[in-house]
Amino acid sequence: MKKILLVFGTRPEAIKMAPLVKKFKEESAFFDCKVCVTAQHREMLDQVLQWFEISPDYDLNIMRPGQDLYDITANVLSGMKDVLKDYQPDAVLVHGDTTTSFATALAAFYQQIPVGHIEAGLRTYNLDAPFPEELNRQLTGRMARWHFVPTSLNRDNLLSEGVKEQNIYLTGNTVIDALYWTTDKIKRQSLSGGNVDQNVITVLNDPSIQTVLVTAHRRESFGHGFVNICEALAKLAQTHKNLAIIYPVHPNPKVKEPVEKYLKDIPNIHLIEPLNYQDFVFVMEAADIVLTDSGGVQEEAPSLGKPVLVMRDVTERVEALEGGTVELVGTDVKKIVDRISHYLAPENNFISKVNPYGDGKAVQRIVETFKGYFNS
Ligand code: UD1
Ligand code: UDP
């Protein structure tokens, strides 16, 4: 029996690793699978664990208000040392580009435990954007033995960096597995935004009101970028009377403070707490336009067939840009206002449901890869 340890710490990693945890657990004849959460996020992580019914075997519980990158790196590195010594896994799986993933990969490397990198190979090749995620992802890749890439473009990036072809596995992104699992469960249990604020439900149900769903949290937008985002949202709210802006605000004080300062008294802007995943999917499906800087939302929204405007200057997820389902608007006030206004106009109806990021079978491919590897 091979021992697999899956490690994650933030909301998006948890969403994307949850279906993989479930799949490994189903294969209990082959694998002993344990879950370690660093809890780089706390409440937002717990929301996801609850929805996917995952109880971690280890919990480093590192989150502190206002934590910085040194805190996260040091606490994950030293915490993982003990977890790895205790469990002694045959493989450690990490996800994407967070500091949890990078520091965990380093901890595994120091104990010469092979690392599998889920969502490998995405690149902007700009170390300032996304910061510090671009370097986190590149460094995690340097330490990985298995690279699970969502798209062929991600595979080409790794090949051009000298990663051996036999160590790269094209799987699709596990976020699509998570999304399908969630939309199925929503249907089965007839859930419809159960915990969403009643005012938000009211505007979503009102056919005379158009809705924009907003999320934002990027470090490179702190300060000036967030002031611009707020100015753009305020302008939109004031100039479009039949518009409602629904904004679940990230709890980072560097986000929450400017957003509350500039937007809290505008009646058609609904600032709400982060939504649990099932409610967020419900609101995403019901909204007319999505305005975001999120990686995960960029990957999910094309499946939902609505315009997605991305508040970043560059993205490592270029497939949907090329497919025309997402568009970069940066944090430029005029660009945000102009492009949202464009999609609000009735003549500019937008329909697209092509998703370049996966078919919902990524976790099956990943687990099969490990079965093949350990059987050979
Ligand atoms: C982190 C990741 C980023 C990912 C994002 C997803 C790094 C460096 N950053 O950024 O790649 O895209 O998560 O959201 O790995 N907080 C809470 N409760 C929570 C979560 C956060 O209060 O459940 C607050 C805390 O004050 C915390 C702060 O947010 O100190 C920042 O969290 P942190 O993980 O450092 O940064 P994120 O911007 O969330
Ligand atoms: N999400 C959520 N609740 C919210 C906002 C986002 O569950 O209030 C989900 C969203 O569907 C996506 C993920 O969280 O799967 C994205 O997380 P985030 O934007 O924090 O991080 P990123 O993807 O940019 O790393």
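Before moving on, here are some points about what is shown:
- Counted over all Cα-Cα pairs of the chain, pairs farther apart than 29 Å make up 40 percent.
- For chymotrypsin sites (Phe, Trp or Tyr not before Pro), the sites in the range 291-376 that DSSP calls loop and that have at most 14 other Cβ atoms within 10 Å are 350.
- For the range 260-376, Kirkwood radius (reciprocal of mean inverse C-alpha pair distance, Å): 16.4 Å
- Taking all Cα-Cα distances within the range 138-230, those exceeding 17 Å account for 72%.
- Vicinal HN-Hα couplings computed from phi for the range 199-216 (Karplus, 6.51 cos²θ - 1.76 cosθ + 1.60; Hz; Gly/Pro x): 5, 6, 4, 4, 5, 5, 8, 8, x, 7, 10, 8, 10, 10, 9, 10, 9, 7
- Computed over protein heavy atoms with a 1.4 Å probe, the carbon and sulfur contribution to the accessible area of the chain reaches 49%.
- Here the convex hull built on the C-alpha positions of the range 185-318 has a volume of 112 cubic angstrom per residue.
- Dipole axis of the range 304-376 (+1 Lys, Arg; -1 Asp, Glu on Cβ), positive-most option in 311, 348, 360: 360
- Most mobile listed residue (232, 216, 345) in the chain, GNM with C-alpha springs under 10 Å: 345
- Taken about its Cα centre, the range 78-195 carries a charge dipole of about 240 debye when Lys and Arg each add +1 at the Cβ and Asp and Glu each add -1 at the Cβ.
- Histogram of C-alpha separations across the range 1-136, 5 Å bin width, %: 2, 11, 21, 24, 22, 13, 5, 2, 0
- Take the range 232-343 with all the other protein chains still there, run a 1.4 Å probe, and you get 37 Å² of accessible area per residue.
- 5 Å-binned pair-distance histogram of the range 67-182 (Cα, whole percent): 2, 12, 21, 22, 19, 14, 8, 1
- Rounded to the nearest 20, the Cβ-based charge dipole of the chain about its Cα centre (Lys and Arg +1, Asp and Glu -1) stands at 440 debye.
- Among 28, 303, 101: highest mean-square fluctuation, GNM of the chain, C-alpha pairs under 10 Å: 28
- DSSP-defined antiparallel bridges as percent of all bridges, the range 1-101, nearest 5: 0 percent
- For the range 11-91, the square roots a ≥ b ≥ c of the C-alpha gyration tensor eigenvalues yield an a/c of 1.5 or more together with a/b not exceeding b/c, which makes the shape oblate.
- Fluctuation leader among 228, 355, 199 - the chain, Gaussian network, Cα springs under 10 angstrom: 199
- Of 187/335; 235/256; 187/334; 164/335; 335/361; 85/361, pairs whose Cα-Cα distance is over 30 Å: 187/335; 187/334; 164/335; 335/361; 85/361
- Whole-number D in µm²/s for the range 1-53 (Stokes-Einstein; Kirkwood sum over Cα pairs; 37 °C, 0.692 mPa s): 292 µm²/s
The values are calculated or read from the model by the stated rules, or taken from the named source; none is laboratory data. On a predicted model such as this, the values are computed, not experimentally measured, just so you know. Ideal geometry is used to build each Cβ from the backbone, glycine not excepted, and the neighbour counts take in all protein chains shown. Side chains included, ligands, DNA and RNA excluded: accessible areas come from the protein's heavy atoms. Shrake-Rupley method; radii C 1.70, N 1.55, O 1.52, S 1.80 Å.
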